[in-house]
Amino acid sequence: MGYFLNFDTHFLPSEKVDVVVCGSGIAGLTTAIVLKELGTDVLLLTRGIGNTYYSQGGIACALHPQDSAYLHMVDTQRAGRGLCRDEALRVLIEEGVQRMADLERWGVRFDPETTIEGGHSYPRVFKVEDYTGKAIYQALWRRAEELGIKVLMGELQEVLGKDQVQGILTYGDGLRFIRSKCLVLATGGAASMFLYTSNPVNVRGDALGIVMRKGVAIENPEFVQFHPTVVHNTSILVSEAVRGEGALLVDQKGERFVDELQPRDVVARAIYKKIKEGHRVFLDMRHLKEKGVDLQRRFPTVYRMLRERGYDPEREPIPVSPAAHYFIGGIKVDLWGRTSMESLYAVGECACTGVHGANRLASNSLLEGLVFGYRTAVRVYHDLKFLRFSDAEFKHQREGSLEPTYDFESLKRLMWEYCGLEREESGLTHAIETLRGWLSEWERWKATVENRQLLDISLTALATLSCALWRRESRGVHYRRDYTYERENYRRDSLFLI
Ligand SMILES: Cc1cc2nc3c(=O)[nH]c(=O)nc-3n(C[C@H](O)[C@H](O)[C@H](O)COP(=O)(O)OP(=O)(O)OC[C@H]3O[C@@H](n4cnc5c(N)ncnc54)[C@H](O)[C@@H]3O)c2cc1C
């Protein structure tokens, strides 16, 4: 598809750096820290806080003497429904043990006691009260500052170069050209393209679209995990642990309709069905006090966020709905973060290493960002010995005066309606036709950064819809109303290329 914006790098403010790491979550910060520790010239580009900061639960790792890498692996494979890539999983679990020591060396202080989460056969989730992600983010950020890593606040717009990365364009206070030998994308997932989502606004999935325009391959985008209990019309997630303590799911008449402790996807679909039938759904925590659970002490972050929104969980049931939470697929990478484009790497939620298969086991994703961030940094460090700066200038001009006929909100509605917790052939086909219609004139759109973003998120949505249509089965988090069972000939990865 090529470039979207109009630019001539000759006339843009510019700088030169060996490596740009885009994204400041656990994956990007780890990559940048390790690169810097290895003496590499690295720039961290970010548009702000992502999912890492909001992670409540923790990070899974088989560290306890009575636990084992084998058990962690089996638990993850069970959730992944036959699609976990075993060699990537082995790396995740075995190297995770080493990388957790790095996290501690960089200043994360985990609570002495670990917890168990759904699907784990051992309490191997390491946490810092209910704000593990924030604690990790703050420690990594401090380490990055200590090392003097350069940070640029801005948004990635274009990847420059044909078969190999030769630089990027960013937008902060205007367009800027950064000439680099390589780019590491650590831009997080794309669950925010759904109407209801637990993801914050900086995580939008547009970077996937940017590289799709370069012909980079996307894998398994149809696997989107939905969280059952996000406070209605917000991105405040109320973790499973609250239901674990006895909170109940009820409708507007106060009647229960599902066993709250069933697997995440089963509970989420039950709530989704109820809401589709016209009911409202609430999480009732009022009785927990009598059971000896002090909400404020046990779940300080959730409690504070609810109070800030004007809800009092000790006095009223809280309206909830399922929301898109975790993007399992992403940019296809090998075990070292390499993508199908030379000197472009991807790591964390934006990448697909295959560790999660068709369903992510809780708390494995922070570990993935940490482990593969480290490996990607090491790979980049070695590859840099063989890469040279290009001295090319880049230019792109096209006419365009139209505004898109839709906006981000309509795209989110389309995705929620037809590619949400339950999908089927007719709805997916309708959504693809609608989106293709919306996109038919993209080359005549005004070349603004807002329109660039909408185009790129739409491409990520198109990949998700197309692979959801292709996968005529139900597996893991992908549920098809017209094929409610797993089919052996679909026990393989999907791939999307523009
Ligand atoms: C509410 C919530 C709770 C969670 N709880 C847990 C948990 O307990 N355990 C667990 O393992 N996982 C959890 N997850 C999932 C986990 O947080 C993420 O998978 C993980 O943090 C992703 O890390 P990341 O570094 O890949 O991306 P993120 O942390 O999402 O960071 C992405 C970064 O990319 C930047 N970015 C994106 N696009 C651009 C662009 N175009 N230009 C510039 N910058 C860009 C963003 O600004 C951000 O800095 C949770 C997720 C949510 C939303």
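Near Lys332, which lysines are there with a Cα under 25 Å away, not counting those fewer than 8 places off in the same chain? Correct list for Lys332: Lys162, Lys181, Lys214, Lys385, Lys412.
Among 65-73, 174-182, 425-433, what's the highest-first ranking by average C-beta atoms within 10 angstrom per residue? Working shown, then result.
On the way: 65-73: 14.8, 174-182: 20.4, 425-433: 16.6.
Top of the packing list down: 174-182, 425-433, 65-73.
Peptide packing: for 243-250, 441-448, 145-152, the average count of neighbouring Cβ atoms within 10 Å per residue gives the ranking 243-250, 441-448, 145-152, highest mean first. Only protein atoms count toward the accessible area here, which uses a 1.4 Å probe; on the chain, the carbon and sulfur part of that area reaches 48 percent.
Give me the tail of P(r) for the stretch 324-394 as a percent: Cα-Cα pairs with distance above 20 Å. Every Cα pair in the stretch 324-394 considered, those over 20 Å come to 35 percent. Using a/c under 1.5 as the rounded threshold, could you call the stretch 154-231 rounded, prolate or oblate? The axes a ≥ b ≥ c are square roots of the C-alpha gyration tensor eigenvalues, and prolate needs a/b larger than b/c, oblate otherwise. Oblate, because a/c is 1.5 or more while a/b does not exceed b/c. Accessible area of Cys467 (1.4 Å probe, protein heavy atoms only, ligands and nucleic acids ignored): about 10 Å². Note on Thr40 and Ser14: their simple-model spin labels are 2.3 nm apart, each label 7 Å out from Cα toward Cβ. Cα centroids of the stretch 294-353 and the stretch 48-80: 14 Å apart. Centre-to-centre, using Cα atoms only, the stretch 1-21 and the stretch 251-266 are separated by 50 Å.
Quick check: the angle from helix 86-105's long axis to the longest principal axis of the chain, C-alpha only, nearest 10 degrees? Result, in degrees: 90. Using heavy atoms of the protein chains and a probe of 1.4 Å, the accessible area assigned to Glu486 is about 80 Å².
Each Lys or Arg adds one and each Asp or Glu subtracts one; over the other residues with Cβ under 11 Å from the Cβ of Val250, this totals +1. Taking a ≥ b ≥ c as the square roots of the Cα gyration tensor eigenvalues, the stretch 354-498 comes out oblate, since a/c reaches at least 1.5 and a/b does not exceed b/c. Principal-axis analysis of the Cα atoms of the chain puts helix 364-383 at an angle of about 20° to the longest axis.
For Ile116 and Ser390, compute 0.36 nm times the residue count separating them, minus their Cα-Cα distance, and round to one decimal in nm.
That pair, Ile116 and Ser390, stretches by 93.6 nm at full extension.
Rounded to whole Å, the principal axis extents of the Cα atoms in the chain read 69, 51, 48, largest first. Under 1.5 on a/c is rounded, so check that first for the stretch 217-292, then, if it is not, pick prolate when a/b is larger than b/c and oblate when it is not; a ≥ b ≥ c are the square roots of the alpha carbon gyration tensor eigenvalues. Because a/c hits 1.5 or more and a/b exceeds b/c, the stretch 217-292 counts as prolate. Calculate how steeply helix 425-439 sits against the longest principal axis of the alpha-carbon atoms of the chain, using the helix alpha-carbon long axis, and give the answer as 0 to 90 degrees to the nearest 10. Between the helix axis and the principal axis of the chain, the angle is about 40 degrees. Rolling a 1.4 Å probe over the heavy atoms of the protein chains gives the chain an accessible area of 40 Å² per residue. Cross-link reach is defined here as a Cα-Cα straight distance under 16 Å, omitting same-chain residues fewer than 8 places apart; for Lys150 the lysines meeting it are Lys16, Lys36. Computed over the chain, the per-residue total of -39500 (n - 2.57) for DSSP H runs of n ≥ 4 gives a 222 nm mean residue ellipticity of -10500 deg cm²/dmol, rounded to 500.
The values are calculated or read from the model by the stated rules, or taken from the named source; none is laboratory data. Quantities reported herein were computed from a predicted structural model and do not represent experimental measurements. Counting neighbours? That spans all protein chains shown, and the Cβs are built from the backbone with ideal geometry, glycine included. Just so you know, the surface numbers come from the protein's heavy atoms only, side chains and all, with ligands and any DNA or RNA stripped out. Shrake-Rupley method; radii C 1.70, N 1.55, O 1.52, S 1.80 Å.
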